[in-house]
Amino acid sequence: MRRIKRMKNIWFCVLGMMAIFFGIVSVPSKVEAATPRLMVSNYEIVGGSVVGGKNFNLKLTLKNTAAKTTVKNIKVTVATENGEFLPVDGAGTAYVESMDANAEETLSFKLKAVKGLQEKSYKVTIKTEYESSNGMEYTVDESIFLPVTMEQRMTVTDLFVEGGDIHIGDSVEVTAKINNLGEGSLYNVIATLKGDGVDEMSSFVGNVEPGKSGSVDIITLASEVTYEHSKAYLYITYEDIEGNKQEQKEELKFKVSSPIYDDLEMIKGEEKKTTDWTLVKWIIGTIVVVAIVAVVIVRRVKRKKKILEEF
């Protein structure tokens, strides 16, 4: 009985060791099955932005993060929750036959942003299906967010330079209207007046919503004589929702003249220059000579008359 009992204990020990051994061996295969080998390492919007109602290209870079394992039969699907971005060609999928360990592959998807979207970021799901070298199947879901901007169009109307005849030192006032004709807002609108004849001056207009207008009112000083029409411009800068800047300029026509008091001084100067003191002296000298001659003649007449009376 003791021998049988001893044999049973030995078998229990052997079975326990086998169970531990097979448990340890089976762990790597489970970990391998649960560990994704492909991931999106980078993405890029060709052209820099997604505009509502327009087509765009989305480039995705996949990387096989496995150190030794090659993956194959790779299928990548791009989709949005509510169909904000629709595939232009095909069904929004791409296929790669295989990727070696640590290799990268760049895929391109041509999509269209639905018209009427709001200016915000939208979630895009990247679904990757593939197999390992031993035929095990994997599925990985990742998300990226793409910001949408709307088309911007701006015009400047009612551009007017007040002040009539402008002289150095006068105030120059420029007024205008900035009209948003696009579907997206104009952000951080700034109007700047600079060019010949005036001091540079800026005015912050703010944000202008679609279908609305913003007012520009800039007051500066005339600082330089232009004689002819000046080469001055009104520069309008604005941003989209991503902070990308755009600029538009409008030409201004006005002339800056010399001040009125300068003209008066010039006239006085000319009057002073026209006074000929040599002529004045000659006239005075002539008058003196004539006076002396007259006195001599009068004396001679009186003397002659006196001599005749004595005879």
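Read-outs: derived from the displayed coordinates by stated rules, not from any lab. On a predicted model such as this, the values are computed, not experimentally measured, just so you know. Positions of Cβ are generated from backbone atoms using ideal geometry, with glycine treated the same way; all protein chains shown enter the neighbour counts.
So if we plug the beta-carbon distance of residue 121 and residue 173 into 1/(1 + (r/R0)^6) with R0 = 45 Å, what FRET efficiency do we get, rounded to 0.05? Before the final figure, lay out the partial values.
On the way: r = 42 Å, r/R0 = 0.94.
The computed FRET efficiency comes out at 0.60.
DSSP beta bridges in the range 41-149, what fraction antiparallel, as a percent rounded to 5? Intermediate values should be presented prior to the final figure.
Working: 41 of 43 bridges.
Antiparallel: roughly 95 percent of the beta bridges in the range 41-149.
Do any trypsin sites (Lys or Arg not before Pro) in the range 41-91 lie in a loop, going by DSSP, with at most 13 other beta-carbon atoms within 10 Å of their beta carbon, and if so which? Please report the intermediate quantities before stating the final value.
Details: sites: 54, 59, 63, 68, 72, 75; in loops: 54, 68.
Here the sparse-neighbourhood loop sites are 68.
What are the chymotrypsin sites (Phe, Trp or Tyr not before Pro) within the range 147-234 that DSSP puts in a loop, where the Cβ has at most 13 other Cβ atoms within 10 Å? Numbers along the way, then the final one.
Details: sites: 160, 187, 204, 227, 233; in loops: 227.
Sparse-neighbourhood loop chymotrypsin sites (Phe, Trp or Tyr not before Pro): 227.
Apply the Karplus parameterisation 6.51 cos²θ - 1.76 cosθ + 1.60, with θ equal to phi minus 60°, to every residue of the range 213-221 and state each ³J(HN,Hα) to the nearest whole Hz, in sequence, with x for glycine and proline.
Result, rounded to whole Hz: 10, x, 9, 10, 9, 10, 10, 9, 10.
What does the charge dipole of the range 36-149 about its Cα centre add up to, to the nearest 20 debye, if the Cβ of each Lys and Arg holds +1 and the Cβ of each Asp and Glu holds -1? Before the final figure, lay out the partial values.
Values: 13 positive and 14 negative charges, 58 e Å.
About 280 debye.
Across the range 53-63, in residue order, what do the Karplus-derived ³J(HN,Hα) couplings come to in whole Hz, using 6.51 cos²θ - 1.76 cosθ + 1.60 with θ = phi - 60° and x for Gly and Pro?
x, 10, 7, 8, 10, 10, 9, 10, 10, 9, 10
Let me know the whole percent of all Cα-Cα pairs from the range 36-149 that are separated by more than 24 Å.
On the way: 1746 of 6441 pairs.
Value for the range 36-149: 27 percent of Cα pairs lie more than 24 Å apart.
Pop the C-beta distance of residue 212 and residue 39 into the FRET formula with R0 = 41 Å and round what comes out to the nearest 0.05.
Values: r = 45 Å, r/R0 = 1.09.
Step by step, r from the Cβ atoms, then E = 0.35.
Considering only 166, 106, 133, whose Cα is most displaced toward the positive end of the charge dipole of the range 100-175, charges sitting on Cβ of Lys, Arg (+1) and Asp, Glu (-1)?
So the residue furthest toward the plus end is 133.
On full extension of the chain, what length is gained from residue 57 through residue 253, given 0.36 nm per residue of separation minus the C-alpha to C-alpha distance? Intermediate results must be reported in sequence, preceding the final value.
Details: separation 196, 0.36 × 196 = 70.56 nm, distance 4.44 nm.
Taking 0.36 nm per residue and subtracting the Cα distance, the gain is 66.1 nm.
Pairs 110/177; 72/120; 123/212: which are spaced more than 32 Å apart, C-alpha to C-alpha? If you can, show how the numbers build up before the last one.
Details: 110/177 39 Å; 72/120 36 Å; 123/212 30 Å.
Long pairs (Cα-Cα over 32 Å): 110/177; 72/120.
Give me the distance in nm between label points sitting 7 Å out from Cα along the Cα-to-Cβ direction at residue 104 and residue 227, one decimal.
About 6.2 nm, to one decimal.
Can you say what percent of the DSSP beta bridges in the range 154-259, counting only those with both residues inside, are antiparallel? Round to 5. If you can, show how the numbers build up before the last one.
Values: 38 of 40 bridges.
Taking every DSSP beta bridge with both residues in the range 154-259, the antiparallel ones total about 95 percent.
Taking the Cβ-Cβ separation of residue 134 and residue 112 as r and a Förster radius of 41 Å, what is the calculated FRET efficiency to the nearest 0.05?
0.55
Positive end of the dipole of the range 146-249, charges at C-beta (+1 Lys, Arg; -1 Asp, Glu), about the Cα centre: which of 238, 182, 206 has its Cα farthest in that direction?
Going by the charge dipole, the pick is 182.
Counting other C-beta atoms within 10 Å, and keeping those with at most 11, which DSSP coil GluC sites (Glu not before Pro) do you find in the range 140-185? Please report the intermediate quantities before stating the final value.
Details: sites: 142, 151, 162, 173, 183; in loops: 151, 183.
Nothing satisfies the criteria.
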